[in-house]
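Visitor: First the structure, which I've put down as structure tokens, then a few questions once you've had a look.
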Ligand code: PMP
């Protein structure tokens with residue numbers, strides 16, 4: 001049986017999949033399938049291989065660690081791989097108060113760790129999440145996710161004590177894309193006031209968690225005034241502010257962490273994805289004084305802060321510094337934004353469907369005009385359709401991997417941060433061809 005057919009038969013159907021390709025090898029911005037098809041990867045493993053696939057220094061560091069010690073269990077002793085990582089990681093965290101770290105494996109686990117810490121440290125039960133948020137697919141994080149119902153649907157009941165407030169995103173308010181950031185921030189902060197009056201009292205609320213750039217929920221960057229407003233509310237009510245930078249962190253937005261743009265200090269920072277450039281590693285960083293409120297033994301896990309993943313993360317942070325990755329993000333971001341904005345303003349049919357181009361760095365979203373527009377659907381029946389999934393399909397047919405986001409008609413560009421000028425040019429051309437093919 002062919003590999004893809006074998007996978008279809010024996011791998012859980014609950015995993016939705018963009019393509020039926022079997023990825024075999026990858027280097028930089030390209031993946032090669034088992035059938036020798038070369039794909040331009042604008043997904044970077046969903047924001048994971050920020051330094052490109054199989055970065056030589058990261059792979060070499062992991063390989064070297066493999067013949068030293070692979071498993072140094074954190075509840076048994078320290079590991080020198082972990083200590084080396086912390087020496088590199090602490091200086092790049094967004095605030096010096098974040099001086100204590102707990103490492104785990106996946107983003108969802110790290111979000112759970114943040115919730116446990118917030119509850120233990122404040123002795124309060126409830127968590128406020130943002131409309132449109134994505135925090136994972138485990139029981140607790142599915143309960144905290146507001147981007148789509150699919151993550152919890154049919155799997156309940158999930159963790160309780162989760163309440164929702166608004167994110168300053170125009171689509172959530174049925175507003176026009178041109179609505180000013182100030183208006184959206186004021187609306188969202190007013191909603192937060194109601195959330196604390198009507199849903200969960202401050203005395204019951206341990207934390208407010210947000211993705212500073214809403215990820216799966218539409219690639220919307222929180223305006224600085226919103227983050228400052230959240231910080232103020234948290235300070236007034238003794239509530240912790242958790243920044244889930246799983247997707248927006250590790251250079252993705254052109255800052256090492258997106259909270260640096262506003263200078264707002266989170267009480268807990270959640271990181272994963274890009275931290276080890278493809279090896280499973282995640283964690284939270286917070287103040288020692290908060291972390292010390294957890295009882296020894298209450299945290300940990302068999303693979304937490306695995307030695308090979310830590311070695312890969314150390315090499316990742318060093319490569320960021322040595323290879324001036326953030327400079328490339330700034331240049332390629334400018335290239336991509338210029339292309340998309342020019343296409344939008346071009347007066348062409350394809351461009352006229354682009355409603356909004358947004359994001360930061362190489363976390364870029366394109367929202368299309370009318371999600372309920374009638375276009376010819378693939379099976380000949382006309383009806384309400386979304387453009388983004390159709391464009392994604394056209395891109396895949398042109399050997400480029402691109403992702404959409406949840407419910408609204410939004411595409412996300414999340415390439416390796418090391419993507420070259422020529423590769424980005426190629427990506428822009430494929431995107432334009434795909435869009436033209438869909439709306440022609
Ligand atoms: N938080 C955010 C913001 C994410 O983007 C993701 C993953 N897309 C997660 C949490 C969950 O991470 P993981 O898939 O590693 O559990």
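The numbers here are math on the coordinates, done by the rules we state, and not lab data. What you are looking at is a predicted structure, and each value in this text was computed from that prediction instead of being measured. Here the Cβ positions follow ideal geometry from the backbone for every residue, glycine too, while neighbour counts run over all protein chains shown.
Visitor: Among 148, 232, rank each residue by its count of other Cβ atoms within 10 Å, from fewest to most, as a rough exposure measure. Intermediate results must be reported in sequence, preceding the final value.
Guide: On the way: 148 15, 232 12.
Fewest to most other Cβ atoms nearby, the residues stand as 232, 148.
Visitor: With a 10 Å Cβ neighbour count serving as the proxy for reagent exposure, in which order, fewest first, do 133, 286 appear? Walk me through the numbers before you get to the answer.
Guide: Details: 133 22, 286 26.
So the residues, fewest neighbours to most, are 133, 286.
Visitor: If packing is taken as the average number of other Cβ atoms within 10 Å across a peptide's residues, how do 430-436, 153-159 rank, most packed first?
Guide: Numbers: 430-436: 20.0, 153-159: 11.1.
In descending order of packing, they fall as 430-436, 153-159.
Visitor: Considering only DSSP beta bridges where both residues belong to the chain, give the percentage that are antiparallel (nearest 5).
Guide: On the way: 34 of 50 bridges.
Of the beta bridges lying entirely in the chain, close to 70 percent run antiparallel.
Visitor: Further question: Do you know the relative contact order of the range 57-322, to the nearest whole percent, from alpha carbon pairs under 8 angstrom that are 6+ apart?
Guide: Working: 512 pairs, mean separation 86.4, N = 266.
Contact order relative to length: 32 percent.
Visitor: Once you have the Cα-Cα distance between residue 203 and residue 15, take 0.36 nm times their residue separation minus that, and quote the gain in nm to one decimal. Walk me through the numbers on the way to the answer.
Guide: On the way: separation 188, 0.36 × 188 = 67.68 nm, distance 3.90 nm.
Length gained between residue 203 and residue 15: 63.8 nm.
Visitor: Once both labels are modelled 7 Å past Cα along the beta-carbon direction, what's the residue 294-residue 186 spacing in nm?
Guide: About 4.1 nm separates the two model spin labels.
Visitor: A further question follows. Can you figure out the FRET efficiency of residue 8 with residue 238, using R₀ = 60 Å and their beta-carbon distance, to the nearest 0.05? The partial results should precede the final answer.
Guide: On the way: r = 51 Å, r/R0 = 0.86.
The computed FRET efficiency comes out at 0.70.
Visitor: Okay, next question. Please state, to two decimals, what the Cα-based radius of gyration of the chain comes to when divided by 2.2 N^0.38 Å (N = residues).
Guide: Working: Rg = 21.6 Å, N = 440, 2.2 N^0.38 = 22.2 Å.
Dividing the Cα radius of gyration by 2.2 N^0.38 Å gives 0.97.
Visitor: Let me ask you something else. Working out 0.36 nm times the residue gap between residue 71 and residue 34, then minus their Cα-Cα distance, what length gain in nm do you get to one decimal? Present the calculation step by step, with values, prior to reporting the outcome.
Guide: On the way: separation 37, 0.36 × 37 = 13.32 nm, distance 3.07 nm.
My answer for the length gained is 10.2 nm.
Visitor: For the range 132-184, calculate the relative contact order in percent as a whole number, restricting contacts to Cα pairs under 8 Å that are 6 or more residues apart.
Guide: It rounds to 24 percent for the range 132-184.
Visitor: Of the peptides 7-13, 416-422, how do they stack up when ordered by the mean number of other Cβ atoms within 10 Å, highest first? Can you show the working numbers first?
Guide: Numbers: 7-13: 9.6, 416-422: 19.7.
Ranking, from highest mean packing down: 416-422, 7-13.
Visitor: Another one. Starting from the Cα of residue 148, move 7 Å in the Cα-to-Cβ direction to define the label point; list residues of the range 4-40 whose amide nitrogen is under 15 Å from there.
Guide: The answer is 13-19.
Visitor: Using Cα springs under 10 Å in a Gaussian network model of the chain, which residue among 263, 107, 45 shows the largest mean-square fluctuation?
Guide: 263
Visitor: Rounded to the nearest 500, what is the 222 nm mean residue ellipticity of the chain from helices alone, with -39500 (n - 2.57) per DSSP H run of 4+ residues and division by all residues? Don't skip to the end; give the middle numbers.
Guide: Numbers: 15 runs with 162 residues, N = 440.
Helices in the chain give a 222 nm mean residue ellipticity of -11000 deg cm²/dmol.
Visitor: For a protection proxy built on the mean count of beta-carbon atoms within 10 angstrom, sort 295-308, 15-28 highest first, please.
Guide: Numbers: 295-308: 16.4, 15-28: 13.8.
The densest-packed peptide leads the list: 295-308, 15-28.
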